[in-house]
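Working notes, beginning with the structure itself.
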Amino acid sequence: MKEIVRYRMSFTGRVQGVGFRYKASHVANQFSLTGYVKNEYDGSVTVEVQGSEQEIYMFLKSLGQDRYIDIHNMDKERIPLEDDERRFIVQY
């Protein structure tokens, strides 16, 4: 059985106005990940994502391969699981 983990990540760079939230939501659903993505007022994007390490790795790899998204920096911290979460959403 796969160990499930949850991370909070903050992305900076060209990450707003380029479809980052749509891409994150689409890819998270492909890998059956849960969590959310949200634009922040400072121009960064916050993601909380929950799933296996391998699925999260593939999620991040896919985000980094988009031609419009240009991630300059990503801060990542492991956080407690959200047991009742069932899907990945875009927060506004």
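Every number in this text was worked out from the coordinates using simple rules, so none of it is lab data. Here the structure is a predicted model, which is why all the values come from computation and not from measurement. All Cβ positions, glycine included, derive from the backbone under ideal geometry; neighbour counts span all protein chains shown.
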Classify region 3-43: rounded, prolate or oblate, from the alpha-carbon gyration tensor (a ≥ b ≥ c, eigenvalue square roots; a/c under 1.5 rounded; otherwise prolate if a/b is larger than b/c)?
oblate
If the only charges are +1 at each Lys and Arg Cβ and -1 at each Asp and Glu Cβ, what is the size of the charge dipole of region 4-83 around the Cα centre, to the nearest 20 debye?
240 debye
Give me, ordered by chain and number, the residues 5 or more places off Asp66 or on other chains with an amide H under 5 Å from its own placed amide H.
none
Express the relative contact order of the chain as a whole percentage, based on alpha carbon pairs under 8 Å and six or more residues apart in sequence.
47 percent
With Cα atoms, 0 to 90° folded angle of helix 53-64 axis to the chain main axis:
10 degrees
For the chain, what is the mean residue ellipticity at 222 nm derived from helices alone (per DSSP H run of n ≥ 4: -39500 (n - 2.57); sum divided by total residues; nearest 500 deg cm²/dmol)?
-7500 deg cm²/dmol
To the nearest 10 degrees, how steep is helix 20-30 against the longest Cα principal axis of the chain, on a 0 to 90 scale?
30 degrees
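Over all alpha-carbon pairs in the chain, figure out the percentage whose distance exceeds 20 Å. Write out the running numbers ahead of the final one.
Numbers: 1104 of 4186 pairs.
Above the 20 Å cut-off, the chain has 26 percent of its Cα pairs.
Based on the mean of other Cβ atoms within 10 Å per residue, sort peptides 75-86, 46-57, 30-41 so the most packed one is first. Walk me through the numbers before you get to the answer.
Details: 75-86: 10.1, 46-57: 18.4, 30-41: 16.8.
Put in order of decreasing packing, that is 46-57, 30-41, 75-86.
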